[in-house]
Structure formats: C-alpha cells, structure tokens
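The values are calculated or read from the model by the stated rules, or taken from the named source; none is laboratory data. Because the structure is predicted, anything quoted here is derived from the model rather than measured. We place every Cβ from the backbone using ideal geometry, glycine too, and count neighbours over all the protein chains shown.
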Amino acid sequence: MKLILIFISASLINNFVLTYFLGICPFLGVSNKTENALNMGLATTFVMTLTAAVTWPIYTYLLVKFNIPFLEYVAFIIAIAALVQLVEMYIRKSSPAVYRAMGIYLPLITTNCAVLGLALFMVLRDYNYIESIIFGFGTGAGFTLAMLMMSGIREELEFADVPKVFQGVSITLIIAGMMALAFMGFAGLIRG
Amino acid sequence: MFLVLTVIGAISGGILAGVFHVADPLIQANREKELKEAIFVVLPEAKDYKVMEKEIDKEKATIYQGIDANSKPVGIAFIADGGGFQGNIRIMVGLSIDYLKLKGIRILEQNETPGLGNRIKEPAFEDQFKGLEIRPKIEYIKYRKPEKPNQITAITGATISSDAVVKNVNNAVSRVLKVFPQEEVVK
Amino acid sequence: MADNNQNLWHEFQKGLWQDIPPFRLVLGTCPALAVTNSVINGIAMGLATLFVLLFANISVSAIRKIVPAQVRIAAYVVIIALYVTVADMFLAAMFPPISKALGPYVPLIIVNCIILGRAEGFAQKNPITPSIMDAIGMGIGFALSLAVMGLIREIFGFGSILDIKLLGAWFEPWIVMILPAGAFFVFGFLVALVNYLSRKKAETVCH
C-alpha cells in the first residue's frame, strides 16, 4: 500500500519537475517534439530507477557502515556518471536501433538534477530498498509525464502567434507555471 | 589514466575528511540546540532534558524527559512525524507529567500552503494545544470555539493541514502511551 | 599588458549581461526556480554557487594539462562534488537556518550545468587567471539573477523584504509567487524582459 502511495506521490502530487524544479534543463530543451520528449523521458526513467537501485546499497553498506557520510555527494555523482556510461555502452552494443533513438540523450542525463535529486531525497526520507526503487521509477514516470505534456502543448504552440520576446524559453516557462498550478490540484489526493 | 583519477579522488577524500572533522562538531551542536529549543518550548518548566530510547511496536523511539532545576521530571517530549497536505509535518509534542494533557506543541518542519496551511506554525494555532486533554483523543472543530477540553479550532481554509497536525499528534501520543506511564520514570 | 587586462575584463563582464545565467544562458535553472522564494535564499544560493564555480574553475584550469581526455568529465565532476560538499558543510555548521532553507538544492549545485559548462567550455582551455575572471563574472551574474528573482517573488508574495514590510496592510500577498507556479511565471517573464532589452541594445548598436 505504501508503495502505491510513494508512486502516486512521486509522479503526480510531488512531481519532480513541477513541484521541485528538478529536470528543468531537459524539460526546457528537449520538449519541443513529442518523439524526443518520449525518448528522453523513457531513457531518464530507466536511469533513475537504476540509480535508486545502485545508490541505495552504496549509501547503506558503504557510507553509513563506515561512517563517511561526507562522501555522499561524491560517491553518488560518480555512481550516476558510471551508470550512465555503462548504460550507454550496453545499449550501443546490444541494440543500435534503440541507441540511434535515444543514445544522444544519455550523457545529458548525468547532469539532470532529477537523477541526483532522487538519490538525495531517497536518503532524506529514509526509504528502504524496495521503496527507493519505486520512488526512482515514480519520479521518472512523473518526469516523463511532464515532458510529454509540455511537448504536446509546444507542438500546438508552433501554430500560435507568440510575441517575439516570449518565444522559446520564456513561453515554455510560463506554460510550465500553468501546469504547476494545475498539478497543485493533486495535493490532498492522499490524506495523511 | 586511472592514476590521475585515483589521485584526484584520494585528495578530494582527504580534504573532505578534514573539513568534516572540523565542521561536524558544529553541525551536531546546531542540531542539539534546535532540539533543545523545541523541547523547552513545549515543556516550559524544563531546564534540561534526558534522552530515553524506547522500542514501541518494534520501532525505535526517542523520548525526551524534561527536568527542572531540581532534576525533577516535568513532562516528556517526543517528535510526531507524518504526512500533511503537501509533504511531511514534523512536530515536537510535550506531554504533562500526569499523562493527561499536552503541555504544548511546536511545528518543526512543514511544507504546507503559504498563507493557509502553513499557519499551523503560528502561535495562534500552536497555543491551542497548551493544556489540551488527550483523552479519548484530540479533535478539531470548524468555525466555532472549542466546546470540549480535547478540541481545537481548525484554521479556516486549512482544514486538511489542521487535521494532519491533530492526526499526527494523536498517533504519536497513543504510541508513547504504550510505554508510559507503565514504565518507571528514569531517575 | 594592456591587452591582457582588457581580455580579463571581458571574461569578467560577459557573465554579467550578454551571457548571464540563467536568463540568457539557460543554465542553472533548477536552483533559480527552487530557492528564489526570498531574497536571502537567492543570494545565499548565488554565493554558494559562486564559491564552487570559482574553485572548480581554478582546479580544472590548474590540472588541465595533466588530465587525460577520456576521464576529464569524471575528474571534473569529482572536483565539483568536493567543493559542493565543503560549501554544504560550511553552511550547515555556520548558518543553519540558511542551510535548512536551501536544503537539498545545495548538493544539486553539483549538477548545476553552469559549473560543468564553464569547466568544459572555458577552464579546461584557459589559464588560471582568465578562468578566475570567468568564474567570478558568471557567479556574480548568477547571484544577481537569483537575487532579482528572489526580490520579485518576496515582494509580491510576502509584501516585504528581509522582514521589512514594504507594502502596507492594503496589499493582499500574491501567494502564487511563493509557489512553484509563481517561480515559473517570474522566470518566464524575466527571460522575456532580458530578450527585449538585449534586442533594444542590439538595435541601438546597429544604427
């Protein structure tokens, strides 16, 4: 039961992009076409779930066990960078088609605040292993959702008459603001 | 190639260990101070406190026993943690020595809606919990002044946040009452 | 020598307007939105980022000749994480309320694209002194941007700055400013404003 709550909370109520501002760079940069948005979203969700699976043991069995909490950030970011590198190598070898579709996004995912953010939150909230993985998956799903919604709107926007100064980043941000307002409606979905 | 990385890693690790050595005592002292302040707010007569680690329902719980200048216990304080409208709410609760009333609460952390839900941290709301009876449990009432000694008035427009506080405090109190007052008060 | 000084000045001031993050250089947007709900938080985050940016640039520039190309990203990232951890511990030890307010966004400076961007894009190709100027310029530009965003959001969201009431009791605070949605709106409008001002500047220059 708690796992479902964690998933809904991570993807809807406390959507990483619209509530915590994590993952904004790709959100602004890659959301112009739905196909790109979907690929980036899926790739990111994949990395985020793996990140949770990898960083939790690092935290529990290395940092806490040996009482070196100050190495948390260094350890996490190295883990994430290594993970992304490995995923990229694996995809390039095993499935060139998939690599062609989403391979270019992979290096960008390393600096996606959402990935490091999820590892940090997982520690702050004291999730156990299963909860962490669900959390990773949920936040990735929320990110993908936000990306898809934004790309859908932006594709429509290409036919609209946006004033010059607002074109590009500016109008995207304003739309994001409205999305954030809309998502606030999810708050209180889970009581207690 | 990896040599360079290892050297960088080793130097970084060394620097961090050094900074941690210096900073950690300060960080711990800050945490202590915050905790102390919260305890003294909810247990006004306490001048110091003792830490008691208990196990309730197979989980660890930390209870703080407030003591006055003569080392006599004045009540116990503990943390109530739980979900609110928008995230976690962390509350320090003070219970009287006869385990019948609250001595007060202090909201430590919350992320409720500014201007509405986050008014739970205002004195007007927190003060309602002073001397509040805890049996059978705390309730909230809307739009009117409390009619029973275990009721508080919810904040208008922030029912869910108010309810969350009440629920979290009730939960924490009922858990603590599982080991107190049956337990001997630690001398 | 005069030429050198001119170059240094150029590296410094480009971060203050034409390449100002996050409004022109769309980098560092995550913290810009997250911690600008008040001026103090915005400035604190800006200064923390400046600190990391400065030392990271210095370190990357200092070792640029001895780090092999394949591992440079990994090396830079470790260096950045090192300084961020130091900054985080410093804040937690000396300014606990600010540390609490900035929360998990301090470690997120590690993935703040500005820092890795400057390390990759500038510090690894330039000697130490220009790298310092680049870092300071970008850092101050960023801190200023955060301060402005924090100012706007705080004035309209609370009616006050730094606890000094500016707008009287007649003003009903625009709560939305403190919420995530407000952050997006303010940022969006500021980007538009900067676009407009840059356009105007370019026009006057071209005439």
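Numerical summary
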read-out: Cβ pairs under 7 Å, 6+ apart, first in region B:109-138 and under 25 Å from C:SER99 (Cβ atoms) and assigned to a strand (DSSP E or B), second modelled with pLDDT under 80 and of a type outside the set (Asp, Glu); value: B:GLU109/B:ASN88
read-out: Verdict on B:GLU55 being among the charged types (D, E, K, R) and either part of a helix (DSSP H, G or I) or touching a helix residue (DSSP H, G or I) at 6+ places or on another chain (Cβ under 8 Å) (or both); value: no
read-out: Any hit, region B:121-135, residues being within 14 Å of chain C (Cβ to nearest Cβ) and at pLDDT 85 or above; value: no
read-out: Whichever residue in region A:158-170 is in contact with a helix residue (DSSP H, G or I) (Cβ under 7 Å, 6 or more places away or on another chain) and crowded, with 16+ Cβ neighbours inside 10 Å and, among such residues, is nearest to C:LEU27 (Cα to Cα); value: A:VAL169
read-out: Matching residues, region A:54-103, being assigned to a helix (DSSP H, G or I), among the polar types (S, T, N, Q) and closer than 28 Å to B:PHE20 by Cβ; value: A:THR55, A:THR60
read-out: Subset of region A:21-42 (residues that are surrounded by 24 or more Cβ atoms within 10 Å (Cβ to Cβ) and among the hydroxyl-bearing types (Ser, Thr, Tyr)); value: A:SER31
read-out: Positions within region A:125-141 being assigned to a loop (DSSP other than H, G, I, E, B) and either surrounded by 22 or more Cβ atoms within 10 Å (Cβ to Cβ) or of a type outside the set (S, T, N, Q) (or both), in sequence order; value: A:ARG125, A:ASP126, A:TYR127
read-out: Counted residues, region A:22-53 - those being part of a loop (DSSP other than H, G, I, E, B) and either at pLDDT below 85 or out of contact with any helix residue (DSSP H, G or I) (no Cβ under 6 Å at 6 or more places or on another chain) (or both); value: 4
read-out: Residues (touching a residue at least 24 places away in the same chain (Cβ under 8 Å) and assigned to a helix (DSSP H, G or I)) located in region C:93-102; value: C:ILE98, C:ALA101, C:LEU102
read-out: Exclusive hit being at pLDDT 90 or above and touching a Leu at 6+ places or on another chain (Cβ under 9 Å), set C:VAL67, C:VAL84, C:VAL35, C:VAL77; value: C:VAL84
read-out: Hits in region B:1-25 (condition: among the aliphatic types (A, V, I, L, M), at the interface with chain A (Cβ under 8 Å from one of its Cβ atoms) and surrounded by 14 or more Cβ atoms within 10 Å (Cβ to Cβ)); value: B:LEU16, B:VAL19
read-out: Residue in region C:81-102 that is crowded, with 20+ Cβ neighbours inside 10 Å, farther than 23 Å from B:ALA23 by Cα and of a type in the set (A, V, I, L, M) present; value: no
read-out: Within region B:148-170, tally of residues that are at pLDDT 85 or above and outside any helix (DSSP H, G or I); value: 8
read-out: Matching residues in region A:139-185 - criterion: being of a type in the set (S, T, N, Q), at the interface with another protein chain (Cβ under 10 Å from one of its Cβ atoms) and farther than 11 Å from C:GLY188 by Cβ; value: A:GLN167
read-out: Total residues in region A:40-78, condition more than 16 Å from the chain's Cα centre (by Cα), within 14 Å of chain B (Cβ to nearest Cβ) and aliphatic (A, V, I, L, M); value: 7
read-out: Scope region C:100-145; condition within 9 Å of another protein chain (Cβ to nearest Cβ) and farther than 24 Å from A:ILE78 by Cβ; matching residues; value: C:LYS100
read-out: Residue match in region C:8-23 (condition: closer than 26 Å to C:PHE95 by Cα, facing another protein chain (nearest Cβ under 10 Å) and either assigned to a helix (DSSP H, G or I) or modelled with pLDDT under 90 (or both)); value: yes
